[in-house]
Amino acid sequence: MGESELRLQHHLWRKRVAKGFSAVASGNNKDIIGRSTESLDELMEKHVLPLLNIRSTAYEKEGMLSRALEDAMCMIQYVPTSASGYLRAGSIHRTNGWADTAVDNFKQGLKTVSRYHPQYHEMQKEHDKAVYRAQSHFDIVPNLPLDVLYKVLVCLDIERVWICLTVSQRWCKQISQCGTWWNSVIVTQTGTDLDQAVCNAIPLVKNRIQHLKFTNSSSLDLNRRYLAHLKSGAFTNIKTLSLKEGFFQTMEAEEFAIILWQIRNTLTSLKLVFGPSKSYNLLTVLAICPNLEELFYTTPGDITFTDKNENYVSGVVCKKLMNLELFYGGTNYNVLCSHIALCPNLRRLILMSSSAQPLGDPGNTTFTTYCPKLKILGLNCTEGLPVMNVSKLTADKSGVAYMSIEFNHHFIWYESARHIEAQSHSIQQLRIAHMEVHDQFRDSYYGPHPSLCTYDKLRVIRYASYRPSSIDTSFVSTIMQNSPSLSELSLSCPYGTTQLRSVFEQSVQKQIQTLTLNAVSFQKTTISWYKNLLSSLWRVQTLALGDCIFLDDNALSSLAESKSVQHLIIADCMNISDAGLTEFFKKIALKRSHQLNILELDNVSASLTISAIRFLVKIKSLRTLSIIDCTIDPDTVNGLIGLAPYSTLKTIEIFDCFPAEVAATWADLVYTLKRNGITLVIE
C-alpha cells in the first residue's frame, strides 16, 4: 500500500470517527447510537474483517482448521450483515469435505445479508456449488461398516492412513472409530508435509491409542507440538510408550516428569533411549510409574543412585515391574542392587554395558537376594534367553531358570561366575560367552570350586569362546560333568581343551539329544577322532555343524552311520565335494532304518548335482529339504522336476540359490512340485 493510499485510509477513518462524535452535539441518544453503530460496522468491515480473513486463510493452509473456523465465526459475529464471514466459513467446510455444513453457512448468510451487498451474488453461487456437491457426491468411506473399514486400513501404510484422517471430518470420525487399528501407532518423521498432518491428526485418535512409539525427529517445532500433546493428559488409555533420543532434545526434566505423571495409571511398558547429551534419573522413572510391568532404559551415561528424596527409597516403589532391561555406560554392583531392590517382583533382568570398569564382586549376595522371583538373567547378552511373556513365568522363589552371560571388562570372569554357581540348584538353560581378547582378571578366579555344585535341572548349555584359555573351559567342563539332566549342547570354541573334549565325548554318548558344533576344534585331536564321533551319535536327534574344518567327504560319510539323527544342519562347510555329498545321500538312502526327517544345507561348497538329487529323493524318511545359498544349475532343477513324483518330500525351501539361467525353468518346477503335493518356498 502506497503512501497516498495510507493517507486516504487515514482520512476516511477520521471521517467515520468524526461522524460518530458529531451525533453527540445533537443530544439525541437514538441518533448517537445509530451513527456510532454505523461507524463501528464500517470500521469492522473495512479493516478488521480483511485481517481476520487473511489469518483464517493462513490457518487453513497450515492444517489448523479449528483456528481457521474460529476466525471465520468471529467475522460473522463482528459484522453479521457482511458476506465475508459466511463465505470464509462455507469455503473452509466445503473444501474439507463438509458440504452439508457449508450449505448451512451459506443459507444463514443469504437470510442475513442484504441483497444489495457487493458479495451477495458470489455467496449465492457458492451456495449452489455446495448444494450440488452435497447431493451428487456419495462418500463411501464414512458409510463403510467398521469391520470392512478395518480390513481396508490393514492394507495401507501408516502414512496413507494419516492422510485419510485429514480428508474430511466424516472420514476422520469413521476411521478413528476403528479402535483395534489404533491400538498401536508408530510416529515416524519423514521430513515432508506429512509430518504436520500426522501431528494434527494425533489428537483426533488420542483416546484410542494404547501403544505409541515416537522415532527420532530433527524438527524441534514438531517435538514441541508432540510434547504438548503428551503433557495435555489426553492419552487416557496409553499402555506402551517408546521415546528415542531425538524426542528429548527440547524436553526438560520437569516436562518429562509431567508426561509420566499424566499416564502413570495406565502405563505398563516404557522404552526410553537417551542420547549422549541428556538423560533422566532412573530412580525418578521408577518412582513416578508404580504400575510399570516392563522398562527398557538406555543411556550412554552412568547410572547413579541418590536418596535425597526419602519417598523414593523408603520402601518398594514398583511392585508390578517384572521385566527390566538396562543399557548403560557404567555403574557398580551396589548401585544396581539399590535400584532393583525397589522392584522385588522382577522376573527378567537384562544388564548391558560397554564400560571398562568392573561391575564389582557380589560377595555373598546375588541379584536373587534382592529379587527372589527372578527367572531370567542376562549379563551383557540376550542371546540364548527365551522369548516369552514374562507374566507367565512362575512367581515362586526357586531361583533363576535361564541365564546368559558374555564376559567383558565390566562383567569380568571371577565376579560374574559367582552368579552362575549361586543358581546351580535352579538353572535350566545356560549360555556362557567370552569374546574379549584380554581380561586381566580372567586367570584369577577365586570363587567356590565348581565341583561342589550340582546342576540337577540344567538341560541346555551354550558355550562360545574365541581365545585360548583353560579357566573358563575348565569351568564349563565341570558344569557339563555335574549336569545329569543335560540334553542340549552348543559349542563354539576353536581352542577347546582336552578336558572339555573328554567331558564332551562322554556327554554326547550318554545323554545329548541336540548338538550344535560351530567352528569347534579340540587340542591334540586328529581327524579320525571326529570321524569316530560322528559315526557314534546314537542318541543325538538334532545335529548342527557350522564352519567345521574337519567335516570333509570322509567325515560326512561317517556321519551317515548315525541313524538317530532326525534333523541335520550343515552350514559354512567348504571341504565337501560334489562326489562326497552324493555318496552321503547314497549311504542314507540305502539304510532303510535311517530316521533323517529334515535336512538343511546352508552355504556348502558342494553342488546339488543330478546324481545327488537321485539319491536324495530315495531317502524315504526325508520330509523337509532346505537349500540356502548353494549352487543350483538348470540340470539340478530339471532333476527335481523329473524325480518329484517319486519323492516322499513334503516341503522344499530354496533361498538365495537361483542364478539368472534357472529362471526359465522356475515356473515348471513350481507347477510340478505343487502337482505332486510338495510345498515350495522360494526367496
D_trans [Stokes-Einstein, Kirkwood Rh over alpha-carbon pairs] for the stretch 576-683, 25 °C, 0.890 mPa s, µm² s⁻¹: 178 µm²/s
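Quick one: which of LYS375/LYS563; LYS239/LYS375; LYS239/LYS457; LYS61/LYS107; LYS151/LYS239 span more than 32 angstrom between C-alpha atoms?
Too far apart for the 32 Å limit: LYS375/LYS563; LYS239/LYS457.
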When the stretch 385-425 is reduced to its Cα atoms, the Kirkwood hydrodynamic radius in Å: 12.1 Å
Loop trypsin sites (Lys or Arg not before Pro), the stretch 212-267, which have at most 15 other Cβ atoms in a 10 Å radius of their Cβ (DSSP): ARG264
Accessible-area order (highest first, 1.4 angstrom probe) of the listed residues LYS650, LYS271, LYS524: LYS524, LYS650, LYS271
C-alpha center-to-center spacing [the stretch 318-345, the stretch 551-610] in angstrom: 49 Å
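How large is the accessible surface per residue of the stretch 538-638, computed with a 1.4 Å probe and reported in Å² as a whole number?
It amounts to 40 Å² per residue over the stretch 538-638.
Once a ≥ b ≥ c are taken as the square roots of the eigenvalues of the Cα gyration tensor of the stretch 217-358, is the result rounded (a/c under 1.5), prolate (a/b larger than b/c) or oblate (a/b not larger than b/c)? Please report the intermediate quantities before stating the final value.
Working: a/c = 1.82, a/b = 1.28, b/c = 1.43.
Taking the square roots of the gyration eigenvalues as a ≥ b ≥ c, the stretch 217-358 is oblate.
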Whole-percent carbon and sulfur share, accessible surface of the stretch 566-683, 1.4 Å: 52 percent
Sparsely packed GluC sites (Glu not before Pro) within the stretch 527-635, loop by DSSP, other Cβ within 10 Å at most 14: none
Neighbour cut-off at most 16 other Cβ (10 Å), DSSP loop, GluC sites (Glu not before Pro), the stretch 345-431: GLU383
Unit charges at the beta carbon, dipole of the stretch 68-185: most positive-side option, TYR78, TRP171, LEU146: TYR78
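By its C-alpha gyration tensor, with a ≥ b ≥ c as the square roots of the eigenvalues, how is the stretch 490-578 shaped: rounded for a/c under 1.5, else prolate for a/b larger than b/c, else oblate? Show your work: numbers first, answer last.
On the way: a/c = 1.43, a/b = 1.06, b/c = 1.35.
Taking the square roots of the gyration eigenvalues as a ≥ b ≥ c, the stretch 490-578 is rounded.
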Residue-normalised accessible area of the stretch 48-128, given per residue in Å² at a 1.4 Å probe: 54 Å²
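The values are calculated or read from the model by the stated rules, or taken from the named source; none is laboratory data. Being a predicted model, the structure only gives us computed values, none of them experimental. When we count neighbours, we look across all protein chains shown, and the Cβ atoms used for this are built from the backbone with ideal geometry, even at glycine. Note: accessible area is taken over every heavy atom of the protein model, side chains too, but ligands, DNA and RNA are not part of it. Shrake-Rupley method; radii C 1.70, N 1.55, O 1.52, S 1.80 Å.
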